[in-house]
Amino acid sequence: AKELERKNLESELEMLKSQMNPHFIFNTLNTIYFLMEQKDENAKEVLLKFSDILSHQLYDYNKELIDLSKEVEYLENYIELQKLRHDEDLLTLKYSLPQQVKGFKIAPMLIIPFIENAFKYSPNSKGYCVEFHLKIAENGQLHFLTQNTISATVRKKEGVGGIGLKNVKRRLELMYPERYSLEIKEENEIFSADLKIQLI
């Protein structure tokens, strides 16, 4: 019975990851298409970053755990890619990622849905803010905090979250039972997520 339960959980994890993969690629291709439509000179740079991102997905995505340093590099590439897409006169972006994370491992693609959603649901013509902070304590606790404004138009049409955050929550339950906390809030047109994971 325990072996059957383990196999069922493994199958569920694979299903969750397979749902997130095309979702992410679709969003990134939309970004590149947007830049090409605008005849933006940064389109080539974006394609290179997208190549790095795909490499990460192809070679690391199906592993149970990967080096946290690779995941951080991946997050930085994605954030830089999104900076090129968004109007710098409207976007206020703040983020900090750790430079030294050797020795730590993490399940891949746990953090990116929060970052995807922040860029997706923030934009409005009055200006918007997106903020990310990731740090690792000496005891191996990962702390990720994100805050972003929410576009009222997008919220009414789609709601905030979607399949990405639902999958993250379930993957956290399966991969880090009793080793994580996730607090999500939405108030005063600000969405925030506070995630803590005990990596070791």
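Can you find even one residue in the range 57-71 that is crowded, with 18+ Cβ neighbours inside 10 Å, in a strand (DSSP E or B) and either out of contact with any His (no Cβ under 9 Å at 6 or more places or on another chain) or not aromatic (F, W, Y) (or both)?
Yes, the range 57-71 contains at least one residue that is crowded, with 18+ Cβ neighbours inside 10 Å, in a strand (DSSP E or B) and either out of contact with any His (no Cβ under 9 Å at 6 or more places or on another chain) or not aromatic (F, W, Y) (or both).
Among the residues of the range 60-92, how many are within 23 Å of K196 (Cβ to Cβ) and among the aliphatic types (A, V, I, L, M)?
The total comes to 6.
Of the numbered conditions (1) touching a Leu at 6+ places or on another chain (Cβ under 7 Å); (2) at pLDDT 90 or above; (3) over 27 Å from E186 (Cβ atoms); (4) aliphatic (A, V, I, L, M), L97 satisfies every one except a single condition; which is it?
Only one criterion is unmet by L97, namely (3).
Report whether or not P123 is modelled with pLDDT under 85 and not in a strand (DSSP E or B).
Yes: the conditions hold for P123.
Which of the numbered conditions does Y128 fail, given that it passes all the others? Conditions: (1) closer than 24 Å to K169 by Cα; (2) open to solvent by less than 40 Å² (accessible area, probe 1.4 Å).
(1)
Filter the range 138-173 for residues that are surrounded by 14 or more Cβ atoms within 10 Å (Cβ to Cβ), farther than 13 Å from I111 by Cβ, at pLDDT below 90 and not charged (D, E, K, R) and give the result.
The answer is I150, S151, V154, V160, G161, G162.
The values are calculated or read from the model by the stated rules, or taken from the named source; none is laboratory data. Quantities reported herein were computed from a predicted structural model and do not represent experimental measurements. For neighbour counting, all protein chains shown are included, and Cβ atoms are generated from backbone atoms with ideal geometry for every residue, glycine included. With ligands, DNA and RNA removed, areas are computed over all heavy atoms of the protein, side chains included. Shrake-Rupley method; radii C 1.70, N 1.55, O 1.52, S 1.80 Å.
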